[in-house]
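One structure is given below, encoded as structure tokens.
The values are calculated or read from the model by the stated rules, or taken from the named source; none is laboratory data. None of the values given here were measured: they were computed from a predicted structure. Positions of Cβ are backbone-derived with ideal geometry, glycine not excepted, and every protein chain shown enters the neighbour counts. We work out accessible area using only protein heavy atoms, side chains counted, and drop any ligands, DNA or RNA first. Shrake-Rupley method; radii C 1.70, N 1.55, O 1.52, S 1.80 Å.
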Amino acid sequence: MEQLVTIELFGQQHTFKADSDENQAKEVADLLAKEVSRIKSQQTGESSAASDFTTLMLAALNIAHQKLELETRYSKFTQDLSERSQRLIRQLDENIL
């Protein structure tokens, strides 16, 4: 079911439709708003539209980078888990037989 979620960026509210759970959509919007705010606080006092766009792009790139890092870690974790499980199964098979 579509939900409307509002996010405030650069002093303006933006509303979008979200197909996912409303709470999850709000978490995503909050994550973006926090990252934009973090980057904005690190920049100098520029407040032009180009600066806002740059800030938004940096926030999106940071979040995308974090996502890729998590995917890599998850992939390594699942591979390690699979290898350990196979070793345990072999050990169990050897000790049972």
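So what is the accessible area of the chain per residue, in Å², with the probe set to 1.4 Å?
On a per-residue basis, 82 Å².
If you compute Cα extents along the principal axes in Å for the structure shown, which of [x] 72, 37, 15; [y] 44, 41, 17; [z] 36, 30, 21 do you land on?
[x]
In whole Hz and in residue order, list the ³J(HN,Hα) couplings for the stretch 11-22 that follow from phi through the Karplus curve 6.51 cos²θ - 1.76 cosθ + 1.60, θ = phi - 60°; x for Gly and Pro.
x, 10, 8, 10, 10, 9, 8, 10, 7, 7, 4, 4
Given the rule -39500 (n - 2.57) for each run of at least 4 DSSP H residues, summed and divided by the residues of the chain, what is its mean residue ellipticity at 222 nm, to the nearest 500 deg cm²/dmol?
So the helix-based figure for the chain works out to -26000 deg cm²/dmol.
State to the nearest 20 debye the size of the charge dipole of the chain about its Cα centre, where the only charges are +1 on K and R beta carbons and -1 on D and E beta carbons.
Roughly 300 debye for the chain.
In the stretch 14-97, what percent of the accessible surface is made up of carbon and sulfur (1.4 Å probe, ligands and nucleic acids excluded)?
That share works out to 57 percent.
Work out the count of Lys pairs in the chain where the Cα-Cα distance is under 26 Å, with the pair 8 or more places apart or on different chains.
Count of close lysine pairs: 10.
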